[in-house]
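Q: Structure incoming, see below.
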There are 2 protein chains.
Amino acid sequence: MPCYSCLNSQNLNQLSTLKLNIVIVGAGNVAWHLARELQKKEQNILQVFNRSLEPAISLSSQLNCDFTTRIEDLNHTADLYILTVKDSVIEEVSASLNLKNKLVVHTSGAIEQDVIKYKHRGVLYPLQTFSKEKKLNFKDVPFCIEASKSEDYNTLMRLATLLSPMVYNINSHQRKVLHVAAVFACNFSNYMYMISDEILNKEGVPLDILQPLIKETASKISKYKPKDVQTGPAVRKDKSAIDAHLNYLKEGNNYDIYKLLTETIISKNNDEL
Amino acid sequence: MPCYSCLNSQNLNQLSTLKLNIVIVGAGNVAWHLARELQKKEQNILQVFNRSLEPAISLSSQLNCDFTTRIEDLNHTADLYILTVKDSVIEEVSASLNLKNKLVVHTSGAIEQDVIKYKHRGVLYPLQTFSKEKKLNFKDVPFCIEASKSEDYNTLMRLATLLSPMVYNINSHQRKVLHVAAVFACNFSNYMYMISDEILNKEGVPLDILQPLIKETASKISKYKPKDVQTGPAVRKDKSAIDAHLNYLKEGNNYDIYKLLTETIISKNNDEL
């Protein structure tokens, strides 16, 4: 078995020479960003396959490559087929490709790898929000990869590391859990900003005033565990501040949320002392 | 009455010549950062007054100014007395200074201006977390100011704008409400990160993977209202994703929090349609 550094230099060598022939299936936001970035990294986009004509023309002209809207004209000579279609049709579109011995991957955070029924299958999931207008720096996009076979995993790993320094080996179960975690860390934290905005708005104070503290809170956790930097009346068990805040909120959703989160933080803190 | 631009150039002129004699009361984190920054901006720190000796020596030697631990030796010739002592003793320490016709301000987010019993009183509240070790860029620190008299308000405004471009006119009631809003936007959003970390940790996935999304979520609200960028299963009313997530969480605090926040987002969304 070769030593770690041999493997490493072998890998580097492989990385520098990776050149895949790729078919992009779908022509939405993920397809736009991903295909253009792959092309920048010297990968060969053979064809865009998309059922509706206009997006297919638009993306393929951007990439200066072939396109088709008919499954019969799908190019069967590529090394890799990347499905960027929406979650609900991944299984059906994948089956309709009717490929032999080709690596087929999807790009979804929520769908299991095994809805793809080919022997060579996998997932290449970019964990960021994509919008066509906004330029995306792929260096800030973590990629979660998974494959049914180790040689396919290696291919995806080599491809993903061309795109981003953050590549994670994440299986289908972990990917599902990641979605739950992202709801808390992103959707619910945005909802906390929304409540804050609502409260300040009533008093004629702009949310801008809290922006520096919000940014500091979000960036602190790149260095510290959130548990170790929890601040506020709940973790201090500052009963008079908590009562004053509940008194101000009076009743309703924001009252209930304040109460539940405060009680949870206090009880969690008690357990650990 | 002078026109706006005359007032403006007059103000600029005043800003360029502001030179106050200041006594700093207290020698904790806020005193350290604030006093050094005031000195950098050409303000004259006459004295540090602090009841315990060691911090008084330490800060005054940093500032190269006088210090005292005895109220009898307080310098009565300053223009401005800045109280940086903890909330619970602001009223008592303020009264003990026994000043005549001097501007006395505190630096707390939670205490009313009127606990200071002097005619010339105010608040100069820097809205950031301070720690002695961490260097702070005052350009990122919003200042909330309040004063009982308009000439004192002007003095504080001129002083605060030397320190930061973000200066807000915030009265005692608004400052209290700001504290409630900050609990949601900062303390509770950090708690959301903590739950996320807990969930990922069980599955052997590092929170780092969500860091780019968390940062994006926090910085998006400098451009958009949180209400307009709310994403996730709740706002989409994606019942199957919500059920899958609740099923994964099973029961307990995180289940209750997911349920309450999701129901609130859904009902709020219904009201607005």
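Q: Residues with amide H under 5 Å of B:Ser108's amide H, sequence separation 5 or more or different chain, H placed in the peptide plane at 1.01 Å from N; which?
A: B:Leu124
Q: Using Cα springs under 10 Å in a Gaussian network model of chain A, which residue among A:Thr217, A:Thr161, A:Thr107 shows the largest mean-square fluctuation?
A: Comparing A:Thr217, A:Thr161, A:Thr107 in a Gaussian network model of chain A, the most mobile one is A:Thr217.
Q: Compute for chains A and B the buried accessible surface, both sides summed, probe 1.4 Å, and express it in Å² to the nearest 100.
A: Interface area, both chains combined: 7700 Å², rounded to the nearest 100.
Q: For region A:80-176, state which GluC sites (Glu not before Pro) are in a DSSP loop and have at most 15 other beta carbons lying within 10 Å of their beta carbon.
A: Loop-located and lightly packed - A:Glu133.
Q: Moving to a separate point now. Rank A:Asn270, A:Gly204, A:His245 by how far each Cα sits towards the positive end of the charge dipole of region A:203-271 (+1 on Lys, Arg Cβ; -1 on Asp, Glu Cβ) and give me just the farthest.
A: A:Asn270
Q: Too long at a 18 Å Cα-Cα cut-off: which of A:Lys176/B:Lys202; A:Lys117/A:Lys149; A:Lys202/B:Lys176; B:Lys86/B:Lys149; A:Lys176/B:Lys220?
A: With Cα atoms farther than 18 Å apart: B:Lys86/B:Lys149; A:Lys176/B:Lys220.
Q: May I pose another question? With the crude spin-label approximation of a point 7 Å out along Cα→Cβ, what separation in nm comes out for B:Asp208 versus B:Asn98?
A: With each label placed 7 Å out from Cα toward Cβ, I get 6.0 nm.
Q: Okay, next question. Using the Karplus equation 6.51 cos²θ - 1.76 cosθ + 1.60 (θ = phi - 60°), what ³J(HN,Hα) coupling, rounded to whole Hz, does each residue of region B:178-192 give in order, writing x for Gly and Pro?
A: 4, 5, 4, 5, 5, 4, 5, 5, 10, 4, 6, 5, 4, 5, 5
Q: Angle between the Cα long axis of helix B:211-220 and the longest principal axis of chain B, 0 to 90 degrees, nearest 10?
A: The two axes meet at around 60 degrees.
Q: Here's a follow-up. If you plug each phi of region A:73-88 into the Karplus form 6.51 cos²θ - 1.76 cosθ + 1.60 with θ = phi - 60°, what whole-Hz ³J(HN,Hα) values come out, in order, with x for Gly and Pro?
A: Result, rounded to whole Hz: 9, 4, 6, 9, 9, 6, 8, 9, 10, 9, 8, 10, 6, 6, 3, 5.
Q: When chain B is modelled as a GNM with alpha-carbon springs shorter than 10 Å, which of B:Gly26, B:Gly204, B:Gly122 fluctuates the most?
A: Of B:Gly26, B:Gly204, B:Gly122, the Gaussian network model singles out B:Gly204 as fluctuating most.
Q: R0 = 35 Å: FRET efficiency of B:Tyr153 with A:Lys215, Cβ-based, nearest 0.05?
A: For R0 = 35 Å, the calculated efficiency reads 0.75.
Q: Still on this structure: What value in Å³ per residue do you get for the convex hull of the alpha-carbon atoms in chain A?
A: 191
Q: Give me the dipole magnitude in Debye, nearest 20, for region B:118-219 about the Cα centre, with unit charges on the beta carbon: positive for Lys and Arg, negative for Asp and Glu.
A: 600
Q: Can you compute the equivalent ellipsoid semi-axes for the protein assembly as shown, i.e. the square root of 5 times each eigenvalue of the Cα gyration tensor, sorted largest first and rounded to whole Å?
A: Its equivalent ellipsoid spans semi-axes of 55, 25, 23 Å.
Q: Need one number: convex hull volume per residue for region A:65-116, Cα atoms only, in Å³.
A: That works out to 92 Å³ per residue.
Q: Given 0.36 nm per residue, what is the gain on full extension from A:Asn29 to A:Asp256 after removing their alpha carbon distance, in nm?
A: Between A:Asn29 and A:Asp256, full extension yields an extra 77.9 nm.
Q: Separate question: Skipping prolines and chain starts, which residues have an amide H placed within reach, meaning under 5 Å, of the one on A:Tyr168, given they are 5 or more residues away or on another chain?
A: Hits under the 5 Å cutoff: A:Phe143, A:Cys144, A:Ile145.
Q: What angle, in degrees between 0 and 90 and rounded to the nearest 10, separates the Cα long axis of helix A:29-40 from the longest principal axis of the Cα atoms of chain A?
A: Orientation of helix A:29-40: about 60 degrees from the principal axis.
Q: I would also like to ask the following. Using modelled backbone amide H atoms (1.01 Å from N, in-plane), which distant-in-sequence or interchain residues come within less than 5 Å of A:Arg121's amide H?
A: Long-range HN contacts for A:Arg121: A:Val104, A:Ser148, A:Lys149.
Q: If you don't mind, there's one more thing I want to ask. May I ask you to derive the FRET efficiency for A:Lys41 and B:Ser88 from their Cβ-Cβ distance with R0 = 60 Å, giving the value to the nearest 0.05?
A: The calculated FRET efficiency here is 0.50.
Q: Here is a follow-up. So, for region B:112-222, what is the accessible surface per residue at a probe of 1.4 Å, expressed in square angstrom?
A: 38
Q: Can you list the residues in region B:216-239 whose accessible area drops by at least 50 Å² when all protein chains are present, compared with the chain alone? Use a 1.4 Å probe, heavy atoms only.
A: The answer is B:Glu216, B:Thr217, B:Ala218, B:Ile221, B:Pro226, B:Gln230.
Q: If each of A:His173 and A:Asp73 carries a label point 7 Å out from its Cα toward its Cβ, how far apart are those two points in nm?
A: Placing both labels 7 Å beyond Cα along the Cβ direction yields 4.5 nm.
Q: While we're looking at this one, here's another question. How far is helix B:4-17 tilted off the main Cα axis of chain B, in degrees rounded to 10, range 0 to 90?
A: It works out to around 70 degrees.
Q: Once you charge only the Cβ atoms, +1 for Lys and Arg and -1 for Asp and Glu, what is the size of the charge dipole of the protein assembly as shown about its Cα centre, to the nearest 20 debye?
A: 840
Q: Hey, what D do you get for region B:72-162 in µm²/s if you plug the Kirkwood alpha-carbon radius into Stokes-Einstein at 4 °C and 1.567 mPa s?
A: Here the translational diffusion coefficient equals 94 µm²/s.
Q: Hey, how many Å between the Cα centroid of region A:159-231 and the Cα centroid of region A:47-88?
A: Region A:159-231 and region A:47-88 have Cα centres separated by 35 Å.
Q: Residue-wise, which Karplus ³J(HN,Hα) couplings in Hz belong to region A:47-63, taking 6.51 cos²θ - 1.76 cosθ + 1.60, θ = phi - 60°, and x for glycine or proline?
A: 7, 10, 10, 8, 5, 9, 5, 4, x, 5, 5, 4, 5, 5, 6, 4, 8
Q: Can you give the three extents of the C-alpha atoms in region A:123-249 along their principal axes, from longest to shortest, in whole Å?
A: That works out to 61, 35, 23 Å along the principal axes.
Q: For the protein assembly as shown, give the percent of accessible area contributed by carbon and sulfur heavy atoms, probe 1.4 Å, rounded to a whole number.
A: Its accessible area is 49 percent carbon and sulfur atoms.
Q: Using a/c under 1.5 as the rounded threshold, could you call region B:13-125 rounded, prolate or oblate? The axes a ≥ b ≥ c are square roots of the C-alpha gyration tensor eigenvalues, and prolate needs a/b larger than b/c, oblate otherwise.
A: rounded
Q: For a paramagnetic label modelled at 7 Å from the Cα of A:Ser222 toward its Cβ, which residues of region B:134-167 fall within the zone defined by backbone nitrogen distances under 20 Å?
A: Under cut-off, by backbone N: B:134-141.
Q: Pick from B:Leu80, B:Leu53, B:Leu210: which is most flexible by mean-square fluctuation in a GNM of chain B where alpha carbon atoms under 10 Å apart are linked?
A: B:Leu210
Q: With the calculation restricted to Cα positions, what are the radius of gyration and Dmax of region A:205-251 in angstrom?
A: My reading of the Cα-based Rg and Dmax gives 13.5, 37 Å.
The values are calculated or read from the model by the stated rules, or taken from the named source; none is laboratory data. What you see is a predicted model; the values in this text were computed from it and never measured. In this analysis, Cβ positions are derived from the backbone assuming ideal geometry, glycine residues included, and neighbour counts consider all displayed protein chains. The area values use the complete protein model at the heavy-atom level, side chains included, leaving out ligands, DNA and RNA. Shrake-Rupley method; radii C 1.70, N 1.55, O 1.52, S 1.80 Å.
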